[in-house]
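Written below as structure tokens is the structure these notes are about.
Just so it is clear, none of the values below were taken in a lab; they were calculated from the coordinates. Predicted, not measured: the structure shown is a model, and the values here were computed from it. Methodologically, a virtual Cβ is constructed for each residue, glycine included, from the backbone with ideal geometry; neighbour enumeration extends over all protein chains shown.
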Amino acid sequence: QVFVHSGTSLASTPLAPAMPTEFFDSGGFPLVGDSCNYELCRQRDFLPFKCRYCGRSHCLQHAEPGSHECPKYDAAANDGVQALICPMCFMAVRYTNDSETASEAAWHAHEPVCSGKPVEVPQCPVEGCTKRLTVSASVVCGSCGRRLCLKHRFEDLHVCRRASAITAAKHRAATAAQPPAASVAVAAPAVGGAVRGAVLNKFESGSGAPSTSGTAGRLATVSGATVSSTPSAAHIVPVTSEQRSSLKEGVRSIASTAEAVPRREACLRTLLKVFSNVLQLPREGKFRRLKRSNAALVEKVFGVPGAEAFLLSAGWRRESEDILELPEGVSSELLKVVVRFLQEQLDEQAVAPSNSEPAAVGTAVAADSWACIACSLLNPAASTVCDLCGVPRR
């Protein structure tokens, strides 16, 4: 109704419902929107809703099929499958809305198979994360195919197997393409060139700090105006016979301790992985620090007699009561000798129990171990987490 002012009184004059063809602007173009097709409404709506059954436009009040008496809407046929949520197991009990007793029949059919407790939703596999992997709060990693929470969906925020393999392959390719340290030595016309050459040798050799400290120490290696033909000698220190004997004896003392054989082997394998990581990534600080309070290291390394003494003889130093650190000045040749001695001792223990059937023993050792997806350490079959990094077994 439209109220028209006439003199001093207001008279209400009802108007006929407006049809869609009557809404045009001054240029003759139709206006945006449409009129509600419900016979008792006909309200003009600039953002109408189209019924998914009859295809006609309606206002917000009559948008639902039942509110505008849609002739093509059938509640029994179009509502389809509905569901109830069980209060015990929180599972959806589905039923077809074709009768009044359909929901009761579906509920009685669900009672015998109800577990009586909620179905456990898996958690994010990242260590320390307690997020539940629901349908709307989880993502499948495109590299490793694991389902993770939204926070740890990126490759650098979880232990991604494929990403780790790609990074390791790139590192091996870069190491193989690196020229020998001796080929870097060139003649320098001035002292400044000698210092730059020493810094370049340090960077490409991947070792720690040079044996001499400060600018004066670096300049002392220069003879006249020419750099020595073997600048890498300051970084590659030969291992003496006394050091070799001490390291060999340390490995044998660990292998001959009174501990059980599996624990001795776990200690040797963990030490092998520790030194191998330092050799592969010498500039990675986390591989040069060992925490004595770490549960895995206490069980596999520091709890074995002679293991800590062996680390100290191999160049590790006590930074504090809880931290052992390997200085950058330790020669890479010394680390290679340690790795070789540890690998030789493990090979001897693998064939020592059964000399008559060496092939069968080797097969059993390979079958009773599993490789960690994070650090590739071979762990015993009884272990559920990695002895070195603590990543759960997959």
Quiz item: Under a point spin-label approximation (7 Å from Cα along Cα-to-Cβ), what is the K286-S253 distance to one decimal in nm?
Solution: 3.2
Exercise. Please list, in chain and number order, the residues 5+ apart from S35 or on another chain whose amide H is under 5 Å from its amide H, with Hs placed from the backbone.
Key: D45
Practice problem: Grab the beta carbon distance between E321 and L279, set R0 = 30 Å, and tell me the FRET efficiency rounded to 0.05. | Solution: 0.65
Practice problem: Find how much the distance from H108 to L31 grows on full extension, using 0.36 nm per residue of separation minus their present alpha carbon separation; answer in nm with one decimal. | Solution: 22.2 nm
Quiz item: Which of K151/K273; K248/K291; K151/K291; K131/K300; K131/K291 have a Cα-Cα distance over 26 Å?
Solution: K151/K273; K151/K291; K131/K300; K131/K291
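Give me the number: length gained by fully extending E299 to V385, i.e. 0.36 nm times residue separation minus the C-alpha to C-alpha distance, one decimal in nm.
Here the answer is 29.7 nm.
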Quiz item: Antiparallel as a % of all DSSP beta bridges within the range 46-161, to the nearest 5?
Solution: 100
